[in-house]
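Okay, so here's the structure we're looking at.
The values are calculated or read from the model by the stated rules, or taken from the named source; none is laboratory data. Please read all numbers here as calculations on a predicted model, not as lab measurements. When we count neighbours, we look across all protein chains shown, and the Cβ atoms used for this are built from the backbone with ideal geometry, even at glycine. Areas reflect the complete protein model, heavy atoms only, side chains present, ligands, DNA and RNA absent. Shrake-Rupley method; radii C 1.70, N 1.55, O 1.52, S 1.80 Å.
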Amino acid sequence: MGSHVCNCGYIVDETARGRGIASEMCRHSQREALSLGFRAMQYNLVVSTNEGAVRLWKKHGFEVVGTLPEAFRHPRFGFVDAYVMYKRLET
């Protein structure tokens, strides 16, 4: 049973990027997940061309554990890969 792994996903509007909003959401989600008894966290769909998001989640300790080929239809680049990113939470 995977009930000990929570799933997260965020979208930050382009006009609000660069203000630390996604980092704070990530930190908040991890604190909440731990308080609820989760042992790990995953993001199911991190778009591979979103280098800022990939870099940010890696900075927060997540790693790419899988690639979904052409799983996202990007408005500019067409079909691009998406990553599954995972982190074991510290207790």
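Per-structure values
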{"item": "Matching entry among Gly20, Gly66, Gly52 (being at pLDDT 95 or above and not aliphatic (A, V, I, L, M))", "result": "Gly66"}
{"item": "Residues of the range 51-60 classified as open to solvent by 30 Å² or more (accessible area, probe 1.4 Å) and aliphatic (A, V, I, L, M), total", "result": "1"}
{"item": "Test: residue in the range 64-81 that is of a type in the set (Ser, Thr, Tyr) and in contact with a His (Cβ under 8 Å, 6 or more places away or on another chain)", "result": "no"}
{"item": "Residue within the range 61-83 that is assigned to a helix (DSSP H, G or I), of a type in the set (D, E, K, R) and open to solvent by 70 Å² or more (accessible area, probe 1.4 Å) present", "result": "no"}
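Yes/no matrix, rows are residues, columns are (1) at positive phi; (2) touching a residue at least 60 places away in the same chain (Cβ under 8 Å); (3) outside any strand (DSSP E or B); (4) surrounded by 11 or more Cβ atoms within 10 Å (Cβ to Cβ):
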{"position": "Ile11", "(1), (2), (3), (4)": "no, no, yes, no"}
{"position": "Arg19", "(1), (2), (3), (4)": "no, no, yes, no"}
{"position": "Glu32", "(1), (2), (3), (4)": "no, no, yes, yes"}
{"position": "Asn44", "(1), (2), (3), (4)": "no, no, no, yes"}
{"position": "Thr49", "(1), (2), (3), (4)": "no, no, yes, yes"}
